[in-house]
1. If you scan the stretch 10-42, which residues turn out to be small (Gly, Ala, Ser) and buried (at least 23 other Cβ atoms within 10 Å of the Cβ)?
2. Only residues that are closer than 22 Å to CYS19 by Cβ, in contact (Cβ under 8 Å) with a residue 40 or more places away in the chain and either assigned to a helix (DSSP H, G or I) or under 15 Å from the mean Cα position of the chain (by Cα) (or both): list them for the stretch 59-100, please.
3. Could you grab the pairs with beta carbons closer than 8 Å, sequence gap of 6+ or different chains, first residue in the stretch 120-140 and within 17 Å of PHE196 (Cα to Cα) and of a type in the set (Lys, Arg), second one assigned to a strand (DSSP E or B) and modelled with pLDDT of 95 or more?
4. Among the candidates GLY124, GLY90, single out the residue that is more than 23 Å from GLU188 (Cα to Cα), touching a Phe, Trp or Tyr at 6+ places or on another chain (Cβ under 9 Å) and either surrounded by fewer than 22 Cβ atoms within 10 Å (Cβ to Cβ) or among the small types (Gly, Ala, Ser) (or both).
5. Going by the conditions given, is LEU177 at pLDDT 95 or above and among the hydrophobic types (A, V, I, L, M, F, W, C)?
6. Filter the stretch 239-290 down to residues that are modelled with pLDDT under 90 and among the acidic types (Asp, Glu) and give me whichever is nearest to ASN85 (Cα to Cα).
7. Has the stretch 217-240 got any residue that is farther than 30 Å from PHE138 by Cβ and either touching a Cys at 6+ places or on another chain (Cβ under 8 Å) or touching a residue at least 60 places away in the same chain (Cβ under 8 Å) (or both)?
8. Considering ILE54, ILE11, ILE37, which residue is part of a loop (DSSP other than H, G, I, E, B) and farther than 23 Å from GLU255 by Cα?
Amino acid sequence: MATANQYRNDIRPNWCPGCGHYGVQAAIADAVAALDIAPEKLAVISGIGCSSRIGGYFYAYGAHTTHGRALPYAQGVKLANEDMNVVVCGGDGDAFAIGMGHTIHAFKRNVNVTYVVMDNHVYGLTKGQTSPRSDVGFVTKTSPHGSFESPLPICETAIASGATFVAQSYMVNRAQLVDLIKQGMQHEGFSFINVFSPCVTYNKQNGYDYFKDNLVNLPEGYDPTNRAQAFATLGETNGLVTGLIYQDTTKPSFEQALYAANGGPHARALVHDVVKPDADVFAALCNEFK
């Protein structure tokens, strides 16, 4: 059985003391260990931002991609090698601003990867500007009189866009977050988990006390397969609810739909069918660029 320590390397995270992202990293490690996924069978793909540094702190395959472009890269990794467990990580700016075009299409496309977004309602790496998730009235250097834009209702957006697994958690609630990540990785299709992860440096408004006072768990008897109930619950709680909000197990994953369109799965993953030139051909190609 794997242990969380197997996924930790020697690089020390440089997040601010108290940053919520430490808890998210620990929860992902706990989840993949509980699922007994070997490090060589895990790929952690991230974009740009404080949260996206997380891939460099895992002992696993990974890529630190360009801003907002983690999802296209991650989907390519999964489609090239379906045996790989792919976890994508980013922040609310990376995912819902510059990367929102990719996020919307990932919701509807339903490739079998897990997207964990660390939502702190602010741009941390660039020193505290408003993000698409910032509250009305949020004061920053770029909104000195308070933000007047409404925050993006991301869980509603995900469900409306065709996402088949939509969950939300708080990094303080470690047991729930670990369980949701496990469920998401076992879900056949795209799984989206929005995680409230406070920024203690640039967002004093939405800190640990705020989430403690405002977050609620889904009610007893809640049915995550009921789409209308999911929208109603998100509306009633102003999106400040945690748990598995919506899951659709009837929609085929992108891979399943692709197989159906092509008359069946490919015999082998793309990574096994790479044509490698012999040494002489490779040397000749390299010489052309000297």
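1. Scanning the stretch 10-42 gives GLY20, ALA27, ALA29, ALA31.
2. VAL87, VAL88, CYS89, GLY90, GLY91, ASP92, GLY93, ASP94, ALA95, PHE96, GLY99
3. Hits for this filter: ARG133/ASP119.
4. Exactly one of GLY124, GLY90 is more than 23 Å from GLU188 (Cα to Cα), touching a Phe, Trp or Tyr at 6+ places or on another chain (Cβ under 9 Å) and either surrounded by fewer than 22 Cβ atoms within 10 Å (Cβ to Cβ) or among the small types (Gly, Ala, Ser) (or both), namely GLY124.
5. Answer is yes for this residue.
6. Result: ASP273.
7. Within the stretch 217-240 (the criterion being farther than 30 Å from PHE138 by Cβ and either touching a Cys at 6+ places or on another chain (Cβ under 8 Å) or touching a residue at least 60 places away in the same chain (Cβ under 8 Å) (or both)), the answer is yes, since at least one residue qualifies.
8. ILE11
The values are calculated or read from the model by the stated rules, or taken from the named source; none is laboratory data. Quantities reported herein were computed from a predicted structural model and do not represent experimental measurements. Glycine also receives a Cβ, built like all others from the backbone with ideal geometry; neighbour counts cover every protein chain displayed.
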